[in-house]
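Structure first, commentary second.
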Amino acid sequence: MPDVKRVTSDVWAGSDTRGCSFGPVITGDGIVIIDSHHKSATAMRQKSGIAKRGPLRYIINAGSDN
(Lines give C-alpha, C1' and ligand atoms only; values in the text may rest on other atoms or scores of the structure.)
Protein backbone atom coordinates (compact mmCIF):
# COMPACT_ATOMS: atom_id res chain seq x y z
CA MET A 1 0.00 0.00 0.00
CA PRO A 2 1.31 3.50 -0.72
CA ASP A 3 2.69 5.54 2.13
CA VAL A 4 -0.37 6.88 3.94
CA LYS A 5 -0.67 9.00 7.04
CA ARG A 6 -3.43 8.73 9.62
CA VAL A 7 -5.72 11.79 9.61
CA THR A 8 -8.20 10.54 12.23
CA SER A 9 -8.73 7.16 13.87
CA ASP A 10 -10.66 5.95 10.80
CA VAL A 11 -9.25 8.05 7.93
CA TRP A 12 -5.89 7.88 6.16
CA ALA A 13 -4.54 10.04 3.34
CA GLY A 14 -1.68 9.59 0.94
CA SER A 15 -0.47 11.78 -1.88
CA ASP A 16 2.82 10.13 -2.77
CA THR A 17 1.40 8.65 -5.98
CA ARG A 18 1.22 10.83 -9.07
CA GLY A 19 -2.27 11.70 -10.24
CA CYS A 20 -4.01 10.31 -7.17
CA SER A 21 -4.79 11.38 -3.62
CA PHE A 22 -5.46 7.91 -2.27
CA GLY A 23 -7.38 7.62 0.99
CA PRO A 24 -8.93 4.66 2.78
CA VAL A 25 -11.79 5.32 5.21
CA ILE A 26 -12.94 2.73 7.75
CA THR A 27 -16.68 2.67 8.41
CA GLY A 28 -18.84 0.43 10.56
CA ASP A 29 -19.80 -1.45 7.38
CA GLY A 30 -16.29 -1.89 5.97
CA ILE A 31 -13.61 0.06 4.16
CA VAL A 32 -14.08 2.68 1.44
CA ILE A 33 -11.24 3.61 -0.92
CA ILE A 34 -11.30 7.19 -2.15
CA ASP A 35 -9.52 7.62 -5.50
CA SER A 36 -7.88 4.33 -6.39
CA HIS A 37 -4.75 4.64 -8.49
CA HIS A 38 -5.08 4.90 -12.29
CA LYS A 39 -2.48 2.14 -12.83
CA SER A 40 -4.10 -1.24 -12.30
CA ALA A 41 -1.03 -2.84 -10.66
CA THR A 42 -0.84 -0.05 -8.06
CA ALA A 43 -4.61 -0.15 -7.48
CA MET A 44 -4.40 -3.90 -6.85
CA ARG A 45 -1.58 -3.36 -4.32
CA GLN A 46 -3.76 -0.76 -2.57
CA LYS A 47 -6.66 -3.20 -2.48
CA SER A 48 -4.45 -6.01 -1.11
CA GLY A 49 -3.10 -3.80 1.66
CA ILE A 50 -6.57 -2.73 2.68
CA ALA A 51 -8.01 -6.26 2.61
CA LYS A 52 -5.75 -7.07 5.56
CA ARG A 53 -7.62 -4.46 7.64
CA GLY A 54 -11.21 -5.42 6.84
CA PRO A 55 -13.73 -5.94 4.03
CA LEU A 56 -13.59 -3.51 1.12
CA ARG A 57 -17.12 -2.20 0.51
CA TYR A 58 -16.76 0.65 -1.98
CA ILE A 59 -14.29 2.39 -4.27
CA ILE A 60 -15.15 6.01 -5.02
CA ASN A 61 -13.17 7.56 -7.87
CA ALA A 62 -13.91 11.27 -7.76
CA GLY A 63 -11.40 12.50 -10.34
CA SER A 64 -12.52 14.20 -13.53
CA ASP A 65 -10.73 11.62 -15.70
CA ASN A 66 -12.77 8.67 -14.40
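Which residue pairs have Cβ atoms closer than 8 Å, lie 6 or more positions apart in sequence or on different chains, and pair a first residue in region 21-42 that is more than 15 Å from residue 7 (Cα to Cα) with a second residue that is at pLDDT below 85 and hydroxyl-bearing (Ser, Thr, Tyr)?
Short answer, once both residue conditions are applied: 35/21; 37/17; 42/17.
Being exposed (fewer than 15 other Cβ atoms within 10 Å of the Cβ), at pLDDT 85 or above and in contact with a Lys or Arg (Cβ under 6 Å, 6 or more places away or on another chain) is the requirement here; does residue 54 meet it?
no
One line per residue, one yes/no per condition, for (1) at pLDDT below 80; (2) part of a loop (DSSP other than H, G, I, E, B); (3) β-branched (Val, Ile, Thr):
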residue	(1), (2), (3)
1	yes, yes, no
12	yes, no, no
21	yes, yes, no
25	no, no, yes
31	no, no, yes
37	yes, yes, no
45	no, no, no
58	no, no, no
66	yes, yes, no
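Can you name the condition, by its number, that residue 54 falls short on among (1) of a type outside the set (Asp, Glu); (2) within 12 Å of the chain's Cα centre (by Cα); (3) within 19 Å of residue 6 (Cα to Cα)?
Condition not satisfied by residue 54: (2).
The values are calculated or read from the model by the stated rules, or taken from the named source; none is laboratory data. As the structure is a prediction and not an experimental result, all values here were calculated from the model. Please note: Cβ atoms are built from the backbone with ideal geometry, for glycine as well, and neighbour counts cover all protein chains shown.
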